[in-house]
């Protein structure tokens, strides 16, 4: 206890509820906030079955000042990350806090102690619970609601985290582009790309929902291979792949996913998701009993889609296949009446992708930040 502040681990059902409900207090007057899906968040916090915890350990903490919850945090160790990078790194995520440095410091001090007990030497965040899920602290772009599966927070969080000793490790960028502009760019460059690839047995095929689990497996195999070696990346494990496949079953529109196939092998993929946040913001965090139906009934009114991945395996990453895959998105957008794409997120250190998007005329809409600190 410090200055009337108490931090404790979340174990009881009542504390879990208070942990999850804190954002409803913090964002009560913020029209841009989108409530999380509570059932999904519970699984990611280890309060329900999730395969991430086959290789990770987590503690969830709440901080109270004078009996009132003012902050929360999850602190964890990811064994797959530490084995891959040969380091003792802890992580934090799911951070929410009133504008009170004392509360924030109490949370981070408790998290630090927990990590030191487990032999960690550094920590990083926010990740919820890794770069393969939602991650990053919003530091630019507070003027609109977040798109689906991206983070949002009040502007004061950066000052709190930095005052607790954390420094920027990497920024993640979100770019936006009008649907019409993407169509023009694809039309301009596609003939040259197809000419360069003329000697290859190239085809682009749509995601096949009748083989959903297998198709998700193919996509995530390309994903793991394409991103290996990029900053901070940890490959998804087999159990996570199966879990993600089950969770995405209701929300992928098959026309927004496709594979580039060369000589019978899938070497590239594109995946975009409709901005379901336009509906989720009205559901108050609950998908059941009628939330899923509202997502399905309302998605034809969604006017933004998030291009989450335009990826190729090594050997094809400078081939121009991205233009061929984006052409599939251009065609898919027409019957939906989309107005805007968001490409997110892109690592600050990914000069190639950033340069391509910026030369194409996209606008940087948001910046998210990952922080590091020695323990």
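The values are calculated or read from the model by the stated rules, or taken from the named source; none is laboratory data. These numbers were taken from a predicted model, which means no experiment stands behind them. No Cβ is skipped: glycine too gets one built from the backbone with ideal geometry, and neighbour counts run over all protein chains shown.
The single residue among 167, 174 that is modelled with pLDDT of 95 or more and exposed (fewer than 12 other Cβ atoms within 10 Å of the Cβ) turns out to be 167.
Pairing residues of region 56-74 that are closer than 15 Å to residue 94 by Cα and not assigned by TED's automatic domain parsing to the domain that holds residue 22 with residues that are crowded, with 24+ Cβ neighbours inside 10 Å and at pLDDT below 95, at Cβ distances under 7 Å and at least 6 apart in sequence or on separate chains, gives no pairs at all. Filtered by the rule that a residue be part of a helix (DSSP H, G or I) and more than 17 Å from the chain's Cα centre (by Cα), region 227-245 gives 238, 239, 242.
Looking at 270, 262, 193, 186, which is the one that is crowded, with 17+ Cβ neighbours inside 10 Å, within 18 Å of the chain's Cα centre (by Cα) and either touching a residue at least 12 places away in the same chain (Cβ under 8 Å) or under 22 Å from residue 357 (Cβ atoms) (or both)? Working first, answer last.
On the way: 262 fails: within 18 Å of the chain's Cα centre (by Cα); 193 fails: within 18 Å of the chain's Cα centre (by Cα); 186 fails: within 18 Å of the chain's Cα centre (by Cα).
None of the others qualify; the one that does is 270.
What's the total number of residues in region 155-164 that are in a loop (DSSP other than H, G, I, E, B) and surrounded by 15 or more Cβ atoms within 10 Å (Cβ to Cβ)? Going through region 155-164 one residue at a time, the tally reaches 1.
Taking region 23-51 as the range and being over 20 Å from residue 12 (Cβ atoms), assigned to a helix (DSSP H, G or I) and out of contact with any helix residue (DSSP H, G or I) (no Cβ under 6 Å at 6 or more places or on another chain) as the test, the residues that pass are 26, 40. Scanning region 114-154 for residues being in contact with a strand residue (DSSP E or B) (Cβ under 8 Å, 6 or more places away or on another chain) and either part of a helix (DSSP H, G or I) or without any contact (Cβ under 8 Å) to a residue 60 or more places away in the chain (or both) gives a total of 4. Selection over region 326-375 of residues that are over 21 Å from the mean Cα position of the chain (by Cα) and over 30 Å from residue 119 (Cα atoms) gives a count of 18.
So which helices (runs of 4 or more DSSP H) stay within region 285-375 end to end and still have 1 or more residues that are modelled with pLDDT of 90 or more and in contact with a strand residue (DSSP E or B) (Cβ under 7 Å, 6 or more places away or on another chain)? I'd like the intermediate steps shown before the answer.
On the way: elements: 291-298, 321-333, 351-359.
The qualifying helices (runs of 4 or more DSSP H) are 321-333, 351-359.
Scanning region 270-283 for residues that are within 24 Å of residue 366 (Cα to Cα) and assigned to a loop (DSSP other than H, G, I, E, B) yields a total of 4. Under the condition of being under 12 Å from the mean Cα position of the chain (by Cα) and over 22 Å from residue 235 (Cα atoms), the residues counted in region 149-173 number 1.
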